[in-house]
1. Counting only GluC sites (Glu not before Pro) that sit in a DSSP loop (anything but H, G, I, E, B) with at most 15 other Cβ atoms within 10 Å, what is the longest stretch of the chain containing none of them?
2. When the chain is modelled as a GNM with alpha-carbon springs shorter than 10 Å, which of 185, 89, 313 fluctuates the most?
3. Suppose every K and R has +1 on its Cβ and every D and E has -1 on its Cβ; what is the size of the dipole of the chain about the Cα centre, in Debye to the nearest 20?
4. What is the set of long-range amide H partners of residue 266 at a cut-off below 5 Å, with H atoms built 1.01 Å from backbone N?
5. For the range 144-263, what does the alpha-carbon gyration tensor say about shape, rounded, prolate or oblate, given a ≥ b ≥ c as the root eigenvalues, a/c under 1.5 as rounded, and a/b over b/c as prolate?
6. Enumerate lysine pairs in the range 94-186 that are 8 or more residues apart or on different chains, then count those whose Cα atoms are under 21 Å apart.
7. Please give the contour-minus-distance gain from residue 216 to residue 335: 0.36 nm per residue of separation, less the Cα-Cα distance, rounded to one decimal in nm.
8. Taking the structure as given and computing semi-axes √(5λ) of the Cα gyration tensor in Å, which label from (i) 34, 24, 17; (ii) 34, 23, 20; (iii) 44, 21, 19 fits?
Amino acid sequence: MKSRKLLITGLATLGVALLLSAPAEAQKTKLKMSTIAPGSSMYLVMTTMANLVNQNEPSLDISVDATGAATKHMVDVGRGKIDMSMTSATVYVLMKKGVAMYKKLKEAPKLADNLRILFWFPLGGFHYTVYDNSGMKSLMDIKGKRVFLGPPGGGQWNTARNFIKGMTGYEVNKDYKNVKASFSAAIQGFQDRQVDVYTIGCLDPCAQLQQLFATSKLRFLGPKTADEGYKNPKLAGFFKLPGRTMTPIKKNAYGDNQVNETDIYSNDAILGVTVRKGVPDDVVYKMMKAFWPNLEKIRSNAPWTDPVTIDYATQKLQMPFHPGAARYYKEIGKL
């Protein structure tokens with residue numbers, strides 16, 4: 001009888017020991033991140049972050065889904081369906097006010113209150129891309145053309161539409177034809193010459209554009225100075241929204257097949273990674289601690305990360321920083 005009790009006690013002790021020594025994978029905090037289509041610089045920045053965290057912080061596991069539009073992803077974060085997504089300083093303000101693409105979503109302002117920023121990074125210039133033999137040399141030349149502005153209802157679509165209107169006076173579906181498509185479908189349509197203007201906002205060098213320049217001579221459309229945007233009275237309202245800037249696209253950014261004779265300027269935007277405010281502070285702190293120091297180690301092999309800096313990341317815009325991120329930035333003297 002005594003030996004039986006010892007056996008039971010021993011098995012119980014072994015069970016506790018097995019639980020305590022369970023694989024680390026079972027103890028990880030799992031987080032869900034949504035971003036936009038592969039190939040974009042936004043996708044690269046966010047998946048780079050997820051990979052660095054996963055590789056350098058054993059307690060965390062970030063899974064990434066690269067489908068859909070960021071404007072919808074922000075709603076999903078606000079509702080707690082996912083933990084993180086891409087955001088925009090401009091779109092956040094629209095969401096908080098319940099206007100533009102959020103006009104019909106009554107709960108948008110409340111959902112915006114559930115968002116917190118991890119870090120900001122530049123979108124990169126909007127590349128209004130055309131074939132050299134198309135005859136188009138300025139944005140004024142897109143009249144009557146088939147133009148892909150971005151996925152329907154997304155932040156890029158809305159921004160590109162308004163920038164083009166300010167620069168040219170053109171209205172979508174009145175002066176030029178709006179192409180409704182995803183990024184992947186639009187780039188295929190552009191290659192098949194079913195789309196005349198392919199638009200993508202990205203950091204140079206952009207993988208999707210490199211793909212196009214590998215086989216074709218192309219041109220980017222845009223003004224030759226930043227002031228043509230900033231000082232354009234028709235764009236005064238455009239630049240009043242936070243997070244909208246002008247940025248240069250170098251004439252040789254994509255090699256010999258880029259036929260621009262000079263640098264041009266285009267609209268840019270401040271993007272970021274947003275997280276639901278309910279994610280524990282220590283989890284977010286660990287994310288930032290695993291991301292930033294290790295980002296420095298890979299920059300030479302990841303040129304798109306050059307503009308992703310601590311100083312840019314810690315700009316004080318309208319979305320508040322998550323306390324866990326703020327703790328990290330304060331520790332390194334950047335907030």
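1. Answer from the scan: 1-106.
2. The residue that fluctuates most here is 185.
3. Charge dipole of the chain: 1200 debye, to the nearest 20.
4. Residues meeting the amide H criterion: 247, 249.
5. oblate
6. Close lysine pairs under the 21 Å cut-off: 23.
7. Between residue 216 and residue 335, full extension yields an extra 38.3 nm.
8. (iii)
Only the coordinates and a few stated rules stand behind these numbers; no lab work does. All values reported here derive from a predicted model rather than from experimental measurement. A quick note on method: Cβ atoms are made from the backbone with ideal geometry, for glycine too, and the neighbour counts reach across all protein chains shown.
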